[in-house]
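Engineer: Structure below; questions to follow.
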Amino acid sequence: VQLQACGGGLVQAGGSLRLSCTASRSIFGTNYMGWHRQAPGKERELVASITIGGSTNYADFVKGRFTISRDNAKSTIYLQMNSLEPEDTAVYYCNAGARGPRDWGKGTQVTVSS
């Protein structure tokens with residue numbers, strides 16, 4: 001499946017952004033969908049994931065600030081990001097698969113200024 005992420009941008013610390021990721025086909029049969037991020041000079045890391053049943057998993061560093069959701073009818077997942085910190089600056093990638101990431105989108109840049 002092809003994935004297209006959007007919604008990134010420049011925001012001040014404490015602000016919010018909502019990322020969207022739309023799939024090229026229905027995601028009703030796609031169990032796992034998620035977001036990873038990669039900051040300059042760092043490895044790509046999991047941010048959040050959601051299963052077809054609605055079970056969610058979050059990295060410790062975003063718990064309480066980010067919320068992942070999915071709209072199967074729109075073939076889209078979202079990442080609501082609140083209380084953003086400069087450390088959240090990264091390229092954010094959405095992904096999908098059966099039990100983990102297999103297909104990846106191109107990413108959207110999120111920059112948080114202090």
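The values are calculated or read from the model by the stated rules, or taken from the named source; none is laboratory data. As the structure is a prediction and not an experimental result, all values here were calculated from the model. Cβ: placed from backbone, ideal geometry, glycine included. Neighbour counts: every protein chain shown. SASA here: full protein model, heavy atoms, side chains in, ligands and nucleic acids out. Shrake-Rupley method; radii C 1.70, N 1.55, O 1.52, S 1.80 Å.
Engineer: Please state which of the following conditions L46 fails to meet, knowing it meets all the rest: (1) modelled with pLDDT of 95 or more; (2) touching an Asp or Glu at 6+ places or on another chain (Cβ under 9 Å).
Structural biologist: (2)
Engineer: Turning to a different aspect of this structure: Is it fair to say K106 is assigned to a loop (DSSP other than H, G, I, E, B), under 17 Å from V1 (Cβ atoms) and among the basic types (K, R)?
Structural biologist: Details: assigned to a loop (DSSP other than H, G, I, E, B): yes; under 17 Å from V1 (Cβ atoms): yes; among the basic types (K, R): yes.
So K106 passes the test.
Engineer: Take the residues in the range 86-100 that are out of contact with any helix residue (DSSP H, G or I) (no Cβ under 9 Å at 6 or more places or on another chain) and surrounded by fewer than 18 Cβ atoms within 10 Å (Cβ to Cβ), then tell me which one is nearest to H36 (Cα to Cα).
Structural biologist: Initial filter on the range 86-100 (out of contact with any helix residue (DSSP H, G or I) (no Cβ under 9 Å at 6 or more places or on another chain)): 86, 89-100.
Now restrict to residues that are surrounded by fewer than 18 Cβ atoms within 10 Å (Cβ to Cβ): 86, 97-100.
On the way: P86: 17, G97: 13, A98: 16, R99: 15, G100: 11 Å.
Among those residues, the one meeting the criterion is G100.
So that you can scan it fast, the table gives a plain yes or no per residue for (1) open to solvent by 50 Å² or more (accessible area, probe 1.4 Å); (2) in a loop (DSSP other than H, G, I, E, B):
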position: R25; (1), (2): yes, yes
position: T30; (1), (2): no, yes
position: M33; (1), (2): no, no
position: R37; (1), (2): no, no
position: G41; (1), (2): yes, yes
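Engineer: Inside the range 58-74, can you point out the residues that are charged (D, E, K, R), open to solvent by 40 Å² or more (accessible area, probe 1.4 Å) and assigned to a loop (DSSP other than H, G, I, E, B)?
Structural biologist: K63
Engineer: Continuing with the same structure: Among the residues of the range 101-110, is any out of contact with any Gly (no Cβ under 6 Å at 6 or more places or on another chain), open to solvent by 70 Å² or more (accessible area, probe 1.4 Å), charged (D, E, K, R) and over 17 Å from A39 (Cα atoms)? Let's see the steps before the verdict.
Structural biologist: Of the range 101-110, the ones out of contact with any Gly (no Cβ under 6 Å at 6 or more places or on another chain) are 101-107.
From the residues that got through so far, the ones that are open to solvent by 70 Å² or more (accessible area, probe 1.4 Å) too are 102, 104, 106.
Next cut, charged (D, E, K, R) only: 102, 106.
Narrowing the set further to residues that are over 17 Å from A39 (Cα atoms) leaves 102.
Looking through the range 101-110, at least one residue is out of contact with any Gly (no Cβ under 6 Å at 6 or more places or on another chain), open to solvent by 70 Å² or more (accessible area, probe 1.4 Å), charged (D, E, K, R) and over 17 Å from A39 (Cα atoms).
Engineer: If we scan the range 75-89, do we find a residue that is free of Cβ contacts under 8 Å to residues at least 12 places away in the same chain and assigned to a helix (DSSP H, G or I)? Give the derivation first.
Structural biologist: First, the residues of the range 75-89 that are free of Cβ contacts under 8 Å to residues at least 12 places away in the same chain: none.
No; the residues of the range 75-89 include none that is free of Cβ contacts under 8 Å to residues at least 12 places away in the same chain and assigned to a helix (DSSP H, G or I).
Engineer: Also, I was wondering about something else. So, in the range 1-51, of the ones that are among the small types (G, A, S) and in contact with a helix residue (DSSP H, G or I) (Cβ under 7 Å, 6 or more places away or on another chain), which residue ends up nearest to R102 (Cα to Cα)? Working first, answer last.
Structural biologist: Keep residues of the range 1-51 that are among the small types (G, A, S), which gives 5, 7-9, 13-16, 20, 23-24, 26, 29, 34, 39, 41, 48-49.
Keeping just the survivors that are in contact with a helix residue (DSSP H, G or I) (Cβ under 7 Å, 6 or more places away or on another chain) gives 13, 48.
Details: A13: 32, A48: 15 Å.
Out of the qualifying residues, it is A48.
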